[in-house]
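Student: Mind having a look at this structure? Questions to follow.
The values are calculated or read from the model by the stated rules, or taken from the named source; none is laboratory data. All of these numbers come straight from a predicted model, not from anything done at the bench. Glycine also receives a Cβ, built like all others from the backbone with ideal geometry; neighbour counts cover every protein chain displayed. Heads up: the accessible areas ignore ligands, DNA and RNA and are worked out on the full protein's heavy atoms, side chains in. Shrake-Rupley method; radii C 1.70, N 1.55, O 1.52, S 1.80 Å.
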Amino acid sequence: MNKSPINNYFHSLFDIKEEVVGKITETFSHFELKANEVLLNKDEISTKTYFLEKGYVRSFILNEDNEEITTNIYAAPCFVNDFLSFFRQQPAKETYQTITACSFWETGLENVQHNFHNIPEFREFSRLLFVLNYYSIHDRLIEMANQKASTRYFNLMKKHPDTFQFVPLKIIASYLGIKDSSLSRIRRDIHKM
């Protein structure tokens, strides 16, 4: 299987030599899931980390009313995982589910730990990835607290327009923190403009 998508991802974020990327990714194996399949269930311990080569994945929780609340939408290419579950070997707090048919690369904790301790470039890449993930989560937290739903919708359209082609509106509404009916109203108001 051609590992160029995952290798290219490393190169896109970090100046790293091809042979080092080859060492890092040599233990990654490829697999595919159909739409609406679970990658990781809530309360399971994550034993693998996943690189999403193609497709869309969401993470979600169930609220007190047993409604699914989408906490994140992942678009390829990116790493997808409950990193606390993976690194601390504790139960995941969210369920990770494919939205579309997806293509993944996976590797286990032992391989990640080995790379972390033996490949300095991997340590730097990992630090950068954690900072980028923190920034993304922090930015989303602030947006949820200080922006109206319509502003969050416009920002999502601007930053990730392809999401609207592949992700059901019900999932987008949940991700934006609104009901389907509110999203319909926002979309209707936009078309009137």
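Student: Near Lys170, which lysines are there with a Cα under 28 Å away, not counting those fewer than 8 places off in the same chain?
Tutor: Partners within reach: Lys34, Lys42, Lys54, Lys93, Lys148, Lys158, Lys159, Lys179, Lys192.
Student: Right, another one. Work out the charge dipole of the chain with +1 on the Cβ of Lys and Arg and -1 on the Cβ of Asp and Glu about the Cα centre, then indicate which of Phe83, Pro168, Leu40 is farthest towards its positive end.
Tutor: So the residue we want is Pro168.
Student: Treat each spin label as a single point 7 Å out from the Cα along the C-beta direction, and report the Tyr134 to Glu32 distance in nm.
Tutor: 3.8
Student: Tell me, rounded to the nearest percent, the portion of alpha carbon pairs in the range 89-193 spaced more than 18 Å apart.
Tutor: The answer is 65 percent, as a whole percent.
Student: Could you give me the ³J(HN,Hα) list for the range 47-61, computed from phi with Karplus coefficients 6.51, -1.76, 1.60 and θ = phi - 60°, whole Hz, x at Gly and Pro?
Tutor: 9, 9, 10, 10, 9, 7, 7, 8, x, 10, 10, 10, 10, 8, 10
Student: Quickly estimate the mean residue ellipticity at 222 nm for the chain, helices only: each DSSP H run with n ≥ 4 gives -39500 (n - 2.57), and the total goes over all residues, rounded to 500.
Tutor: On the way: 9 runs with 97 residues, N = 193.
My calculation for the chain gives -15000 deg cm²/dmol from helical runs alone.
Student: Suppose accessible area is computed on protein heavy atoms with a 1.4 Å probe; arrange His30, His117 from highest to lowest.
Tutor: Ranked list, largest accessible area first: His117, His30.
Student: A further question follows. Thr95 accessible area, nearest 10 Å², 1.4 Å probe?
Tutor: Accessible surface of Thr95 is approximately 20 Å².
Student: On a full-extension model of 0.36 nm per residue, what is the gain between Glu67 and Arg187, subtracting their alpha-carbon distance, rounded to one decimal in nm?
Tutor: 40.9 nm
Student: So, one more: Please give every one of the lysines within straight-line cross-link reach of Lys23, meaning a C-alpha to C-alpha distance under 18 Å, and leave out same-chain neighbours fewer than 8 residues apart.
Tutor: Lys3, Lys48
Student: Under a point spin-label approximation (7 Å from Cα along Cα-to-Cβ), what is the Lys158-Leu141 distance to one decimal in nm?
Tutor: 2.3
Student: Could you tell me what percent of the accessible area of the range 17-155 is made up of carbon and sulfur, with a 1.4 Å probe and every protein chain present?
Tutor: Looking at the range 17-155 in its full context, I get 53 percent from C and S.
Student: Shifting gears a bit: Tilt of helix 109-118 relative to the longest C-alpha principal axis of the chain, in degrees (0 to 90, nearest 10)?
Tutor: The helix 109-118 is inclined about 60 degrees to the chain.
Student: Here is a follow-up. 7 Å from Cα along Cα→Cβ at both His114 and Thr47: what's the point-to-point distance in nm?
Tutor: Between His114 and Thr47, the simple spin-label model gives 1.6 nm.
Student: Search the structure for amide H atoms under 5 Å from the amide H of Thr71, placed 1.01 Å from N in the peptide plane, and list their residues when 5 or more places away or on another chain.
Tutor: Under 5 Å from the amide H of Thr71 lie the amide H atoms of Ser59, Phe60, Ile61, each far enough along the sequence or on another chain.
Student: Let me ask something additional. Taking the Cβ of Arg140 as the center, what net charge do the other residues with Cβ under 12 Å away carry, scoring Lys and Arg +1 and Asp and Glu -1? List each step's numbers first, then the result.
Tutor: Values: positive: Arg152, Lys159; negative: Asp139, Glu143.
Around Arg140, the charge tally is 0.
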